[in-house]
Each structure stands twice: as structure tokens, then as C-alpha cells.
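S.K.: One structure, as C-alpha cells, below. Some questions next.
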Amino acid sequence: MTSLARLALAALSLAAPVLAAEYDYKLVATKKTSTAEKELNEAARAGYQFQYVMGGVTAIGGSEVVCVLMKESSKAAKPQYEYRLLATNRTSTMEKEMQAAGREGYRYRGQTVFESAFGGKEVVVIMERDAESKTQYSYRLQATSKTSTMQKELLPLGREGFRIVGLSVATTAFGGAELVAVVEKEQ
């Protein structure tokens, strides 16, 4: 055996076996956005991180916002994230609320539309803040009823350094059928 082959064999024998990661999941499902925010933050304190959101009618719960959180099973529960849920049926209000949250270090993570008991059809946006980050974010929402104009509206934002992070097509109380793009830029 050549010295190079012996060296390669020695390196292989010293390498630790690679184990696949295992994950724990937590599901949050509720009719109220305030309850969802509270439960997301409780899960975050236990080391979970938000992954996905969807709003709709579930078999038993009715109209709900459903969130899935995840953490690696082998990692110690270390609270690292905080969550804020924004809910409104006006695009302009959502943009203002996202801008305020972005200045506090919250970053867009997901959005959905669901029908709440009090607000009717609302857009729900989930914002996440990493406790270790000091980055601030700026947001713009582009809403149109014509898909043909969305590209035209996004191009100047891209030139300003905004990147698209979210897109939804939904019917809201004030905007009717709208295509809404969420764009983000680090400050």
C-alpha cells in the first residue's frame, strides 16, 4: 500500500460517523392572532423556530391560522427568537406595521390569509427577531389587482436593493382580489 493510500485510510478511520439530524415539531393552531403570537413566543422560549404558516378552515377548529415550528432534537433548548404577528385587511396598514417591526429588528418569515371572527378576511404576517442580531429591516408592499403590472412595480424596488420575500394572492375586504408582494432590505 502506498503512503498516500495509508494516509487516506487513516483519515477515514478517524472521521466520526455522520448522523442524520432529528427534529421535534410543534403545531400552533388558533382562531385568534393574539393567541397565535403568544403560543409562538412560548414555543420559541422552548427553543423552537417558526417554519411555515397557513390559514384556512380545519376539520375541527373551523377558520384557523396554523403554524409549524421546529427544533433539532439533540440541541439544548436555547431561546433565540421572538415573534410578532401582524393582522390587518389593509395593505397600507400592514406596510406601516411591518416597517415599525423591521426597525425593531423583526424580519418577515411568512404570510397567509384567514377569516377571523372579528376582522373578517385578514392578511396575517409573521415577523421573527433573532435575539443575537442587531440588523434592522425596511419593508415595502406592492399590491395590484393586475398581475401584468406587478413586474413593472417590482423592478424599481429591485434597483433600490429590495429583495422579494413574500407573495400572496387573496381577496381582502378593502382591496378585493389582490396580488401582494413583500420586499425587504437590510438597513
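The values are calculated or read from the model by the stated rules, or taken from the named source; none is laboratory data. Just so it is clear, the structure is predicted and the values come from calculations on it, not from any experiment. Please note: Cβ atoms are built from the backbone with ideal geometry, for glycine as well, and neighbour counts cover all protein chains shown.
S.K.: Starting from segment 142-168, take each residue that is under 11 Å from LYS185 (Cα atoms) and list its partners that are of a type in the set (A, V, I, L, M, F, W, C), counting only C-beta distances under 6 angstrom and pairs at least six apart or across chains.
M.R.: LEU157/VAL183; PHE162/VAL183; ILE164/ALA181; ILE164/VAL183; VAL165/VAL182
S.K.: Go through the residues of segment 99-115 one by one and say whether even a single one is without any contact (Cβ under 8 Å) to a residue 12 or more places away in the chain and out of contact with any Asp or Glu (no Cβ under 7 Å at 6 or more places or on another chain).
M.R.: Taking every residue of segment 99-115 in turn, at least one turns out to be without any contact (Cβ under 8 Å) to a residue 12 or more places away in the chain and out of contact with any Asp or Glu (no Cβ under 7 Å at 6 or more places or on another chain).
S.K.: Same structure, new question: Scanning segment 141-187 for residues that are among the charged types (D, E, K, R) and at pLDDT below 95, which turns out surrounded by the most Cβ atoms within 10 Å (Cβ to Cβ)?
M.R.: GLU178
S.K.: Out of curiosity, is LYS26 buried (at least 18 other Cβ atoms within 10 Å of the Cβ) and either farther than 30 Å from LYS185 by Cβ or of a type in the set (S, T, N, Q) (or both)?
M.R.: Yes: the conditions hold for LYS26.
S.K.: Applying the selection to segment 44-73, what residues are over 14 Å from the mean Cα position of the chain (by Cα), under 19 Å from GLN111 (Cβ atoms) and aliphatic (A, V, I, L, M)?
M.R.: Within segment 44-73, VAL57 is the sole residue that qualifies.
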